[in-house]
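What follows is a set of notes on a single structure, which appears directly below.
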Amino acid sequence: MKRTALLTVAAAVAALAVAPPAAATHPALGRQVLPAGDGWAAEGAGTTGGSAAPAENVHVVTTRAELVAAFAAPAPRIIHVRGSIDGNEAADGSLLDCADYATGGYTLEAYLAAYDPAVWGRDREPEGPLEDARVASAAAQTRQIKIKVPGGTTLVGLGDRAVVKGLNLHVDRVDNVIIRNITFVDAADCFPQWDPTDGALGAWNSLYDNVSLTGATHVWMDHNTFTDGDNPDSAQPRYFGQPFQVHDGQLDITNASNFVTVSWNRFTDHDKTMLIGSSNTSTTDPGKLNVTVHHNLFNNNLQRLPRVRFGQVHVYNNFYVVPEPGTFVYALGVGVQSKIFAESNAFALGPDVDPGLLLFDWGGTTLTARDNVQLARFRLEPIDLIAVYNATHDPDFGTDAGWTPTLHTRIDNPRIVPLLVSLKAGAGRA
Ligand code: CA
Ligand code: CA
């Protein structure tokens with residue numbers, strides 16, 4: 001009897017965790033601002049997006065063209081996404097596909113034949129007519145699916161099912177943007193580039209993040225869901241022995257972006273999830289890239305959760321689910337001059353996942369980690385991320401990131417984080 005009751009409770013919780021509660025959202029979301037003190041985006045004047053828009057600057061968009069028009073309309077602006085918008089929508093409403101962007105004689109078959117390491121070698125990047133054709137084809141796709149988000153904008157999903165698919169939102173050198181309650185799906189690149197000099201074995205690289213922040217300040221990314229839908233990395237073929245990577249990041253924060261809060265999002269089933277800082281040698285990133293990452297679900301992601309260079313990055317109350325050891329790379333990437341402060345996170349690791357893999361040395365030297373827990377043998381137990389890493393790696397990480405976060409709301413007991421984040425993170429749950 002007891003066992004049955006427990007199973008019933010577990011089933012109910014699991015059901016809640018996959019189905020958003022009905023009618024969780026309403027147009028008032030667009031009028032909300034980042035709460036005071038809620039992470040780095042609360043610095044200074046805080047983050048208000050387009051919340052103060054007069055009535056004539058409040059838009060409801062249902063197509064790519066309407067979204068582009070709303071971004072071009074006066075600020076401050078609130079843009080509600082209703083239903084599903086596809087970045088590949090042509091002006092006449094038809095859906096473009098990869099063949100529509102291909103130009104100059106590009107085909108994947110021809111590209112694979114020309115740059116096969118057995119033909120081209122491994123010591124130089126592809127060049128010549130087919131690489132030129134790939135670049136031109138990619139440029140055509142970029143013109144269609146990469147869309148800039150201006151400052152003074154709140155972009156918010158209307159209802160529980162707003163979807164932005166096949167589109168790369170680019171928040172570029174602007175201030176004050178809020179993006180909430182949207183499910184971002186599969187910004188696949190039709191024209192991945194083969195680089196035989198990337199790593200020991202070469203790599204396929206792609207262009208489009210779901211959301212890219214470059215030189216952006218005061219940005220609040222909240223209660224969104226990121227998924228590759230029916231086109232996950234795990235389903236891609238391998239060419240030249242390497243995964244054919246058609247995706248880049250889900251949310252990449254680079255090029256001296258600063259004052260960003262990433263809260264209550266679901267990141268799922270993706271390889272390169274969240275990059276904070278893209279260059280070891282940047283002269284503009286030092287002192288910037290300050291980001292707060294809290295109450296997010298990272299479910300079956302492989303790496304960059306996040307990967308950090310330079311920034312003071314507060315990572316707290318996130319729930320990491322790592323079921324498989326086979327493809328998992330790492331959770332927190334400790335990069336050059338990074339200052340990660342990781343506290344009160346929860347890690348649910350499959351039985352064969354090595355907790356020593358949760359950190360990765362990308363040229364950083366130190367971080368702070370405290371009050372983190374792991375789910376092991378059906379119990380939540382403390383895990384000292386740095387000690388576990390240092391026991392099996394050299395050089396050791398130091399244990400002091402050199403700063404203590406002050407901009408944060410309540411830090412929850414990590415033992416309630418798995419349930420809390422499973423129930424409340426993601427689109428449709430704001
Ligand atoms: Ca990227
Ligand atoms: Ca060691």
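Structure values in brief
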quantity	calculated
Euclidean distance of C-alpha centroids, the stretch 226-250 and the stretch 268-308, integer Å	19 Å
From phi via Karplus (6.51, -1.76, 1.60), per-residue ³J(HN,Hα) for the stretch 215-228 in Hz, x at Gly/Pro	x, 9, 10, 6, 10, 10, 9, 9, 6, 9, 10, 10, 8, 8
Label-point separation in nm, Asp195 to Val68, each point 7 Å along Cα→Cβ	2.9 nm
Peptides 220-228, 30-38, 264-272 ordered by average Cβ neighbours within 10 Å, highest first	220-228, 264-272, 30-38
Cα coordinate range in the stretch 96-214, projected on the principal axes (Å, largest first)	52, 30, 24
Label-reachable residues, the stretch 198-213, where backbone N falls under 17 Å from a point 7 Å from Glu127's Cα toward its Cβ	198
Pairs of lysines in the stretch 3-424 (C-alpha under 24 Å apart; 8 or more residues apart or interchain)	11
Cleavage-rule hits (trypsin sites (Lys or Arg not before Pro)) in the stretch 351-430: DSSP loop, at most 12 neighbouring Cβ within 10 angstrom	Arg377, Arg410
Per-residue ³J(HN,Hα) for the stretch 140-155, Karplus 6.51 cos²θ - 1.76 cosθ + 1.60, θ = phi - 60°, Hz, x for Gly and Pro	5, 5, 4, 4, 7, 10, 9, 10, 7, 9, x, x, x, 10, 10, 10
Length gained when the stretch Ala391-Ser84 is fully extended (0.36 nm per residue, less Cα-Cα span)	105.7 nm
Linear extension gain, Ala110 paired with Asp92, 0.36 nm per residue minus alpha-carbon span	3.4 nm
Part-to-part distance (alpha-carbon centres) for the stretch 141-198 and the stretch 116-132, which is given in Å	30 Å
Centroid-to-centroid separation of the stretch 314-372 and the stretch 65-108 [C-alpha atoms, Å]	36 Å
Long-range HN-HN contacts of Ser257 with modeled amide H, under 5 Å	Gly215, Ala216, Leu289
For Ala188, residues with placed amide H under 5 Å, excluding near neighbours	Gly166
Antiparallel bridges, percent of DSSP beta bridges restricted to the chain (to nearest 5)	10 percent
Interchain or long-range residues, amide H under 5 Å from Ala342's placed H	Val315, Thr368, Ala369, Arg370
Tail beyond 39 Å, pair distance distribution of the stretch 3-424 (Cα, percent)	19 percent
MRE, 222 nm, helices only [DSSP H, n ≥ 4, -39500 (n - 2.57), over the chain, to nearest 500]	-5000 deg cm²/dmol
Modelled FRET efficiency - R0 25 Å, Asp230 with Arg161, Cβ distances, 0.05 increments	0.90
Rounded FRET efficiency, nearest 0.05, which uses the C-beta distance separating Thr103 from Ala52 and R0 of 30 Å	0.10
Label-point gap, in nm, between Arg238 and Val119 - each point 7 angstrom along Cα→Cβ	2.1 nm
Label-reachable residues, the stretch 274-313, where backbone N falls under 17 Å from a point 7 Å from Thr327's Cα toward its Cβ	274, 298-305
Using θ = phi - 60° and Karplus 6.51 cos²θ - 1.76 cosθ + 1.60, couplings along the stretch 131-138 (whole Hz; Gly, Pro as x)	5, 4, 5, 4, 4, 5, 5, 4
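Since every read-out is calculated from the coordinates, none of them should be taken as a lab result. For clarity, every value in this text was computed on a predicted model and none was experimentally measured. Positions of Cβ are generated from backbone atoms using ideal geometry, with glycine treated the same way; all protein chains shown enter the neighbour counts.
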